[in-house]
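Taken together, the values in this text are just the output of simple stated rules run on the coordinates, not laboratory data. Values in this document were obtained by computation on a predicted structure and should not be read as measured data.
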Amino acid sequence: MPLYEFFCPPCGTRFEVLRPMNKSDEPATCPAGHITTHRVISMFATFTKTADGEIAPVAGGGCACGGACSCGSGGLTQEIVSQHLAERAAHA
């Protein structure tokens, strides 16, 4: 089942909803109780550790394009991914 990310304008929060694809366009309720239809594109990237223990992007790109864009070649930095993961953890 897909995980959809939404943005709630009244409270300014991003939240996730796990729901079937056939309900992907239905409104979602944020944790504060507001109803919204503002879906956002979720950003993700995959990383691994090198032999030296350094964190590096996984070859082939870091997004759903499978390497067709520049995500894995510096377009999406480790700092941005770290910030995104910290935001998700804070809202979990």
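So what are the ³J(HN,Hα) numbers for region 45-51, from phi and the Karplus equation (6.51, -1.76, 1.60; θ = phi - 60°), rounded to whole Hz, Gly and Pro as x?
Here the 3J(HN,Hα) series is 8, 10, 10, 9, 9, 6, 4 Hz.
Once the piece of chain linking N22 and S42 is laid out straight, how much longer is it, given 0.36 nm per residue of separation minus the C-alpha distance between them?
Between N22 and S42, full extension yields 5.4 nm more.
Percentage of Cα-Cα pair distances in region 1-42 greater than 11 Å, rounded to whole percent?
59
Can you list residues from other chains, or at least 5 along the same chain, whose modelled amide H is less than 5 Å from the amide H of H38?
F7
For I35 and R14 in the same chain, what is the full-extension length gain: residue separation times 0.36 nm, less their Cα-Cα distance, in nm?
Full-extension gain reported as 6.3 nm.
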